[in-house]
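The values are calculated or read from the model by the stated rules, or taken from the named source; none is laboratory data. The model shown is predicted, which means the values in this text are computed figures rather than measured ones. As a convention, Cβ positions derive from the backbone with ideal geometry for all residues, glycine included, and neighbour counts pool all protein chains shown.
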Amino acid sequence: MKVYIAFCNKSFIRGLSYRSEVWLRILGNMVLIFIQVSIWKSLIGNSESNGITLLNMITYSVITTSVMNLLMTRVFLSIDHKLKSGDISTDLQKPISYPLYLFAEQLGVVGFQVVFTTIPSICISILLFGIQYPDAPNIVPFIISLLLAMIISYLLGYLIALISFWFLTTFALNWTITALISIFSGSLIPLWFFNPFWANLTSTLPFQYLGFVPSAIYLGKVEHPYYIILEGVGWVIGLLLIVNLLWWRAIKRLVIQGG
Amino acid sequence: MEYRADFILGIFSQIIWYASNYLIVWLLLNNFHSISGWTWPEMAFLISINILTYAIGASFTYTPMMSMEQLVIKGELDKYLVKPISIFPHLIASLFNFGYIAHILISGALLIWCLEELSIVWNSSKVFYLILTLAGGSMLQAGGLILIGSWSFYFMKSSYLAELYFKIKDFISYPISVYVSVIQVFLTWVLPLAFINYYPALYLLGKDTNLLLLFAPLVGPLVLLVSIFIWKKGLNNYQSSGS
């Protein structure tokens with residue numbers, strides 16, 4: 001365990017060397033939130049739509065944008081880099097679990113983002129727009145849903161990395177996953193504004209856990225939060241199985257290539 | 001073109017990405033019917049002009065300007081400086097990017113679709129205006145990227161600025177009338193991105209009859225000239241990092 005904490009710390013500290021860019025990152029986050037808030041202002045205004053108020057949507061936008069900062073889908077870039085440079089062969093010789101090592105590394109990256117981008121953006125948003133605070137019973141499921149967002153995004157990123165063992169490039173996969181997440185996570189438009197066909201499709205996919213689910217739980221718009229969390233755990237188990245299966249095949253492939 | 005399958009998969013995935021951009025707006029308008037008075041075909045027009053002009057502008061300037069940072073940090077710009085030809089056209093020509101086929105395919109298709117859908121009364125001057133809009137918009141998009149590239153001459157690192165720029169460019173995926181006036185002023189006078197699609201669309205879609213809108217496509221060439229001027233100024237400032 002100690003060793004993973006060390007990896008996590010290391011990648012957090014590596015983030016510190018980019019501290020001059022922190023302002024640009026916060027500004028970038030604020031631009032995203034600002035665009036969404038402006039659009040909801042123009043669409044909903046002072047009335048409400050399907051029982052959703054403007055304050056609901058401002059809060060929703062702030063949360064989904066913040067959850068975006070927690071996602072670890074980018075883990076495949078790290079693997080891709082190591083695959084190309086050949087560093088992966090030394091990494092694999094280390095007496096550690098490779099997926100856990102990568103998870104710890106990503107955790108450090110995310111930790112840096114949260115401290116230096118997400119928290120300042122949330123503070124600015126509270127000052128500029130004001131957000132809604134959660135009802136007490138929703139706090140625990142909300143925190144669990146944040147963890148689920150991190151784990152599911154990590155597993156999706158890891159899955160892409162493994163698929164890239166065959167494709168040897170992540171370019172196309174990167175664009176595709178970004179597109180899938182941008183629609184099906186519901187981070188720009190919540191599922192309750194989707195038409196029935198797309199809403200049904202979205203609720204059968206794991207991407208909703210990367211934006212919609214945490215925000216909707218926070219706002220108390222999910223009737224049975226623990227039920228949807230349980231479903232998310234099901235996704236985690238399913239993805240773990242797929243990833244493990246692919247991992248053993250990928251490792252075999254790697255050995256053959258390295259011959 | 002060495003990796004044909006990769007190239008095709010890449011185009012395919014980019015089409016999915018841009019389709020998702022359209023889809024989000026479509027889903028939104030399925031529920032709300034219009035954003036600040038803009039219906040779905042009008043929004044599709046706005047977005048298509050943005051993507052199409054970006055594709056044209058970026059084909060010329062994306063690669064050279066995004067690699068400025070590395071060229072400056074590693075001192076590789078010297079290689080271009082020592083040749084007895086003008087450096088700017090040389091950079092543009094040698095780093096031209098053919099990778100924007102996906103952008104052009106999808107935005108072109110949607111543009112043609114929404115032009116049929118919208119009941120615009122076409123006459124020769126409107127057609128001419130549309131062509132000027134595409135040309136001017138492409139120049140503006142190219143100019144924006146050149147400004148990002150120029151930043152490297154002064155501060156070396158420009159990749160985060162580029163990331164921010166692309167986020168700010170998201171503003172013009174929607175009609176700027178939805179934003180507070182400070183942002184509208186910013187997008188008109190400071191970073192005149194609204195001239196890429198919003199102002200020309202106001203005229204072409206008949207949303208506003210102000211005659212000043214006729215001059216909107218001229219902002220593009222102006223921005224391009226200014227950005228090239230700033231870039232050349234920056235080049236004079238450039239001292240090889242020597243490494």
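Here are the numbers for this structure:
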item	result
Boolean, B:ILE51 is more than 7 Å from every other protein chain (Cβ to nearest Cβ), at pLDDT 90 or above, closer than 21 Å to B:LEU204 by Cβ and assigned to a helix (DSSP H, G or I)	yes
Boolean, A:GLY86 is at pLDDT below 85 and either farther than 23 Å from A:LEU188 by Cβ or not hydroxyl-bearing (Ser, Thr, Tyr) (or both)	yes
Tally of residues being under 14 Å from the mean Cα position of the chain (by Cα) and either crowded, with 19+ Cβ neighbours inside 10 Å or of a type in the set (A, V, I, L, M) (or both) across the stretch B:201-226	5
Those helices (runs of 4 or more DSSP H) lying entirely in the stretch B:136-215 with at least 2 residues among the β-branched types (Val, Ile, Thr)	B:181-185
Close pairs from the stretch B:6-30: first more than 8 Å from chain A (Cβ to nearest Cβ) and among the aliphatic types (A, V, I, L, M), partner surrounded by fewer than 18 Cβ atoms within 10 Å (Cβ to Cβ) and not in a helix (DSSP H, G or I), Cβ under 8 Å, at least 6 apart	B:LEU29/B:THR39
Residue within the stretch B:178-200 that is within 14 Å of chain A (Cβ to nearest Cβ), in contact (Cβ under 8 Å) with a residue 24 or more places away in the chain, more than 15 Å from B:TYR54 (Cα to Cα) and crowded, with 22+ Cβ neighbours inside 10 Å present	no
Filtered residue count, the stretch A:14-43, keeping only those that are of a type outside the set (Gly, Ala, Ser), without any contact (Cβ under 8 Å) to a residue 40 or more places away in the chain and more than 9 Å from chain B (Cβ to nearest Cβ)	2
Answer from A:LEU77, A:LEU155, A:LEU92, A:LEU162 - the residue that is in contact with a Leu (Cβ under 9 Å, 6 or more places away or on another chain), surrounded by fewer than 18 Cβ atoms within 10 Å (Cβ to Cβ) and in a helix (DSSP H, G or I)	A:LEU92
A:THR65 being surrounded by 14 or more Cβ atoms within 10 Å (Cβ to Cβ), within 14 Å of another protein chain (Cβ to nearest Cβ) and of a type outside the set (D, E, K, R)	yes
Scan of the stretch A:172-186 for residues that are at the interface with chain B (Cβ under 8 Å from one of its Cβ atoms), of a type outside the set (Ser, Thr, Tyr) and over 16 Å from A:LEU155 (Cβ atoms), ordered by number	A:ALA172, A:ASN174, A:TRP175, A:ALA179, A:ILE183
Residue in the stretch A:108-152 that is farthest from the chain's Cα centre (by Cα), counting only those that are aromatic (Phe, Trp, Tyr) and part of a helix (DSSP H, G or I)	A:PHE116
